[in-house]
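Below is one structure; the comments refer to it alone.
The values are calculated or read from the model by the stated rules, or taken from the named source; none is laboratory data. Here the structure is a predicted model, which is why all the values come from computation and not from measurement. Because the Cβ atoms are built from the backbone with ideal geometry, glycine has one as well, and the counts that use them run over all protein chains shown. Just the protein is used for accessible areas: all its heavy atoms, side chains included, with ligands, DNA and RNA removed. Shrake-Rupley method; radii C 1.70, N 1.55, O 1.52, S 1.80 Å.
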Amino acid sequence: EASRQLGILARNTGNSTQDLKNWGNAFAVAGGSAESFYSTIAQIQARQAAQQSTGVSGWETFLNRLGVGITKVGADGVMRARGDLEVMSDLANSFQRMARESGQPFANSFGLQMGIDQQTMNVLIQGADAIEKFVTEQKKLAQNADQLAQSAERLRAQWVELQKRAEGLAGVLLEKLQPAVQDVFKSMLDWGGQNGPAMIEGGVEGQGVRRE
């Protein structure tokens with residue numbers, strides 16, 4: 001269910017599931033939670049869609065105070081890509097600056113009034129640099145995990161191939177050796193037929209059994 005929801009969020013925001021995972025895991029490590037991060041991204045995407053379609057996001061007062069644009073960025077008003085994750089970095093820098101200027105309780109309360117949950121605010125208020133550090137670390141971990149998975153798959157494929165070759169070799173050896181094995185068994189049977197009665201007779205006499 002969680003994977004399905006993440007896939008839906010990825011399609012709605014235009015992000016890859018791996019990017020969302022990296023950011024979500026980074027927020028979890030930094031003191032928030034991946035689920036809260038996903039919820040915040042979905043909320044921002046909904047606000048972006050509302051502003052683009054109606055011209056009103058419902059966050060105007062908050063965004064003006066923070067100096068952050070969710071649909072446009074920079075002095076030139078460049079349009080943000082749909083679901084741009086960097087909006088979280090911009091919000092983080094603004095909340096960090098607000099905390100320095102007006103105190104952390106004020107900045108935290110301001111974010112909560114916007115509808116951002118407490119877990120996400122715990123991370124945003126640390127600033128963009130801290131978030132970027134955690135995201136970069138998660139990207140490295142994901143790459144390492146992917147490399148390990150690829151290595152494991154290569155080893156599995158090599159093992160399967162080795163098993164196939166061993167089975168083939170065993171079949172060839174059995175085919176090659178079968179005539180020789182049959183000859184050995186035939187020789188043993190012939191020898192037993194020729195010498196068996198004498199061996200039995202000798203054994204009986206050796207035990208002192210009288211023959212009538």
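Residue 56 satisfies every condition listed in (1) open to solvent by 50 Å² or more (accessible area, probe 1.4 Å); (2) assigned to a helix (DSSP H, G or I) except (2).
Could you list, in sequence order, all residues of the stretch 86-114 that are exposed (fewer than 14 other Cβ atoms within 10 Å of the Cβ), farther than 15 Å from residue 64 by Cβ and not aromatic (Phe, Trp, Tyr)?
Listed by number, the residues that qualify are 86, 100, 101, 102, 103, 105, 109, 112.
Residue pairs whose Cβ atoms lie under 7 Å apart, separated by 6 or more positions or on different chains, with the first residue in the stretch 17-35 and under 9 Å from residue 120 (Cα atoms) and the second open to solvent by 10 Å² or more (accessible area, probe 1.4 Å) and not in a helix (DSSP H, G or I), are 27/33.
Taking the stretch 36-53 as the search range and keeping residues that are open to solvent by 20 Å² or more (accessible area, probe 1.4 Å) and not small (Gly, Ala, Ser), which one is farthest from residue 125 (Cα to Cα)? So the residue we want is 52. When the criteria are applied in full, residue 90 fails the requirement of being closer than 28 Å to residue 139 by Cβ, outside any helix (DSSP H, G or I) and out of contact with any helix residue (DSSP H, G or I) (no Cβ under 7 Å at 6 or more places or on another chain).
None of 31, 69 is on the phi > 0 side of the Ramachandran plot and open to solvent by 10 Å² or more (accessible area, probe 1.4 Å) except 31.
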